[in-house]
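Everything below concerns the one structure shown next.
Coordinate-derived values only; no laboratory data. All of these numbers come straight from a predicted model, not from anything done at the bench. Here the Cβ positions follow ideal geometry from the backbone for every residue, glycine too, while neighbour counts run over all protein chains shown.
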Amino acid sequence: MERNKRLYPIDEEQFNKLVVPIIEASYIGKGRPPEVTHYEAFCGILYILRTGVPWRDLPGDYGEWHTIYDRFNRGNARGLWNKVLVALQQEAGLWFDEVIIDSTTMKAHRHGGGQKGGFRARGCRGPG
């Protein structure tokens, strides 16, 4: 069955080789078999992270939105997604050790910018 590349950005063979061992190592194996495959859940999670849509707007191709949300939440609590990210980065030969933070990421209090006029307003010498 040919899958839509927009909805399934990683092919299933690569997923089975790289990601499935990490996912299965983090599960305890109790309970009934999942209704949604690991591949569908992973691609659904990637879709949410890539597009930023609310969980309820997840396309039905991935399964029930709440199921995918629960899988994401439980995996996040166990640190699973960080392990998957590191494994995929190592496979691709990439390593991201810098984080970019801007005003949309970190909100400062309105008084956090300091006094109007900067250093000179308070009689400080300032840097340099």
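Can you check what the net charge comes to around residue 49, using other residues whose Cβ is under 14 Å from the Cβ of residue 49 (Lys, Arg +1; Asp, Glu -1)? Walk me through the intermediate numbers first.
Values: positive: 50, 71; negative: 57.
Taking every Cβ under 14 Å from that of residue 49, the sum is +1.
Could you list 19, 86 in order of exposure, starting from the residue whose Cβ has the fewest other Cβ atoms within 10 Å? Let's see the in-between values first.
On the way: 19 20, 86 12.
The most exposed by this proxy come first: 86, 19.
Can you sort 66, 38 by how many other beta carbons sit within 10 Å, fewest first? Each step should come with its number before you reach the end.
Details: 66 11, 38 16.
By the 10 Å Cβ count, ascending: 66, 38.
Suppose the chain between residue 38 and residue 4 were pulled fully straight at 0.36 nm per residue; how much longer would it get relative to their current alpha carbon spacing?
Values: separation 34, 0.36 × 34 = 12.24 nm, distance 1.70 nm.
So the chain would gain 10.5 nm between residue 38 and residue 4.
Quick check on the exposure proxy: order 8, 69 from fewest to most C-beta atoms within 10 angstrom. If you can, show how the numbers build up before the last one.
Values: 8 20, 69 17.
Fewest-to-most ranking of 8, 69: 69, 8.
Could you give each residue of segment 16-33 its phi-based ³J(HN,Hα) in whole Hz, using Karplus coefficients 6.51, -1.76, 1.60 with θ = phi - 60°, and x for Gly or Pro?
Running phi through 6.51 cos²θ - 1.76 cosθ + 1.60 with θ = phi - 60° gives 5, 6, 9, 9, 4, x, 6, 5, 5, 5, 8, 9, 8, x, 8, x, 7, x Hz.
Any chance you could run the full-extension gain for residue 16 through residue 89? It's 0.36 nm times the residue separation minus the Cα-Cα distance, nm to one decimal.
On the way: separation 73, 0.36 × 73 = 26.28 nm, distance 1.60 nm.
Gain on stretching residue 16 to residue 89: 24.7 nm.
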